[in-house]
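Read the structure below first, then the notes.
No value in this document is a laboratory result; all are computed from the given coordinates. Since we're looking at a predicted model, the values are computed, not measured. FYI the Cβ positions are ideal-geometry reconstructions off the backbone, even for glycines, and counts take in every protein chain you see.
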Ligand SMILES: [Zn+2]
């Protein structure tokens, strides 16, 4: 009798465990088969037909950024390695601007082919209209951005949100987070 009860409890808790996991598996954002590029701090997912060279041009992280981030000036031997290095450089710059060292951070960046795809993903996740060029989802530790908005200040703004949300044990108010991310954006525009 006792063992039967334990067995039932175990089965129930296993079902609850899988039900709990369901949201993260259940939301299909269309990036399941997307091209993946790994950097030190990010796994970068590119929607179909996005050229890595276009991403590099738009992000425009140069030698002065590398210098400010304290990264070596070595040449990368592929455009994928170049993009990965640029995003790690941008990450370091954002850490420095916020004065929040978080060097073990790892997250995801998903690049949509256009703003319509980005808005659809946002709607599926939050059941709301999107009024921003990009967004960060804490639960998935993922930055979503569209190709046309893949620019240093916009990606940097979302990296700031990712850093802030992982740096503090108790999160500051949303308005304060937005001010900090806005400050990073301003610094990166200069
Ligand atoms: Zn923001």
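Summary of computed values
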| quantity | calculated |
| --- | --- |
| On Cα atoms only, tilt of 79-98 relative to the major axis of the chain in degrees | 90 degrees |
| Global geometry of region 33-189, whether rounded, prolate or oblate, following the gyration tensor of its Cα atoms and the 1.5 cut on a/c | oblate |
| Sequence ranges 109-119, 166-176, ranked by mean other-Cβ count within 10 angstrom, highest first | 109-119, 166-176 |
| Alpha-carbon centroids, region 93-124 and region 43-79: separation in whole Å | 15 Å |
| Tilt relative to the chain, helix 115-126 - C-alpha long axis, 0 to 90 degrees, to 10 | 30 degrees |
| The chain: antiparallel DSSP beta bridges as a percent of all, rounded to 5 | 45 percent |
